[in-house]
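**Q** Here it is, the structure, as structure tokens.
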Amino acid sequence: MEFIPQRPHKPMMSIILLIILGLGISIVMQGIVMIWFGLINKDTETAVDSIMSDPYFGKLLLGVSSVATFGLPAYLLYHIEKKSVAYFPQKKPFRIFYFVVMFAVLFAFMPMMNLIGDWNAKLTLPESLSSIERWMRESENSKGDMISNIVMETSWGGLCLNLLILAVLPGICEELFFRGGIQKNLEEQFGNPHLAIWLTAIVFSAIHVQFYGFFPRMILGVLFGYALLWSQNIWVPIFAHFVNNATATLVAFYYARHGKSYEDFHTFESYPAIVYVGSLIITATLIFIFYNYSKKITNGKRLGED
């Protein structure tokens, strides 16, 4: 039998293809949603305002965006490259321990995450960049208005839909795209899993275009990245991403049911310093347990080794 050499994998080309697929599919599918909502709106003079204020439009657009921009492109890339790259590892056996520890990590780190988020929200740029800062604030407020119409839900049916749109779909689709596609290709490109994790986390946070939540989201991206590296199971970061988003969705639902506003939902509650110190210590301990467990089940191989 004649041996046919396999085409060498070019990670940067794969990243470019992934981005092109994401942009192309997203533009088409989101355009279809906007046209459809425009057609069913009778009053053309107020169509744009009506569409943008319609919470169901926002929900549908977010759901379509998750699938079209992230999930579908990652899936297509995997098949375009004939499954030659392990973008979505699922190491056997399925170890529930990883999921339990990641769940604990997210809740242990919550006080520190809120503190970092409050610091990030209060960041100001130098006076020479005041015009950029004004644009950033306006962009953040505009996106916040749309999100508040979606997330401050009071009905149980609306909560279930929000969990699907805000937690299930982003958890699966974004992790397939970022931790599966981007992180794996960057790791191959640079030969350094740690650099790949941090670069992916930066891109992951930046692409959300929410400047005053950049650092908390980047830290989450780093946690998700190491969860994949150590567990070698794409479902671990997917689960962690879902838990993070679902928690925020449930808290917003609780606030809305009790007559509180979106501003109340985002109000920072300060704790004594000991709480933040404890949050750091417990989180670090849990991450060490996660890492140490991963070493034991891989016969003591060092971090990042094949």
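The values are calculated or read from the model by the stated rules, or taken from the named source; none is laboratory data. Everything numeric in this text was worked out from a predicted model, so none of it was measured. When we count neighbours, we look across all protein chains shown, and the Cβ atoms used for this are built from the backbone with ideal geometry, even at glycine. Calculation scope for accessible area: heavy atoms of the full protein, side chains included, ligands and nucleic acids excluded. Shrake-Rupley method; radii C 1.70, N 1.55, O 1.52, S 1.80 Å.
**Q** Glu81 versus Ala104, label points 7 Å from Cα toward the beta carbon: distance in nm?
**A** 3.5
**Q** Can you sort Met110, Met13 by solvent-accessible area, 1.4 Å probe, largest first? Please report the intermediate quantities before stating the final value.
**A** On the way: Met110 70, Met13 115 Å².
Reading off the accessible areas and sorting them downward yields Met13, Met110.
**Q** Out of every Cα pair in region 171-211, what percent are spaced more than 17 Å from each other? Walk me through the numbers before you get to the answer.
**A** Numbers: 214 of 820 pairs.
For region 171-211, the share of Cα pairs beyond 17 Å comes to 26 percent.
**Q** Project the alpha carbons of region 150-271 onto their principal axes and report the range along each, largest first, in whole Å.
**A** Over region 150-271, Cα extents along the principal axes are 52, 29, 25 Å.
**Q** Quick one: which of 242-253, 69-80 comes out on top by average Cβ neighbours within 10 Å, and what's the full order, highest first? Kindly include the intermediate steps, with their values, before the conclusion.
**A** On the way: 242-253: 18.2, 69-80: 19.8.
Highest-to-lowest ranking by the protection proxy: 69-80, 242-253.
**Q** ³J(HN,Hα) across region 159-172 via Karplus (A = 6.51, B = -1.76, C = 1.60, θ = phi - 60°), whole Hz, x for Gly/Pro?
**A** These are the phi-based 3J(HN,Hα) values: 4, 4, 5, 5, 4, 5, 6, 9, 10, 5, 5, x, x, 6 Hz.
**Q** Could you compute how fast region 94-181 diffuses translationally, taking Rh as the Kirkwood radius over C-alpha pairs and applying Stokes-Einstein at 20 °C with viscosity 1.002 mPa s? Give it in µm² per second. Could you put the intermediate results ahead of the total?
**A** Working: Rh = 16.6 Å.
In µm²/s, the coefficient is 129.
**Q** In addition: Apply the a/c threshold of 1.5 to the C-alpha gyration tensor of region 63-107 and tell me whether it is rounded, prolate or oblate.
**A** oblate
**Q** Still on this model: Given a 1.4 angstrom probe, what's the average accessible area per residue across the chain, in square angstrom?
**A** Computed with neighbouring chains in place, this is 56 Å² per residue.
**Q** Which order do Ile274, Ile297, Ile150 take when ranked by solvent-accessible area (1.4 Å probe, heavy atoms of all protein chains), largest first? Before the final figure, lay out the partial values.
**A** Numbers: Ile274 125, Ile297 50, Ile150 5 Å².
In descending accessible area the options line up as Ile274, Ile297, Ile150.
**Q** Determine Rg/Rh for the chain; Rg is computed over alpha-carbon atoms and Rh is the Kirkwood hydrodynamic estimate from the same atoms.
**A** 0.99
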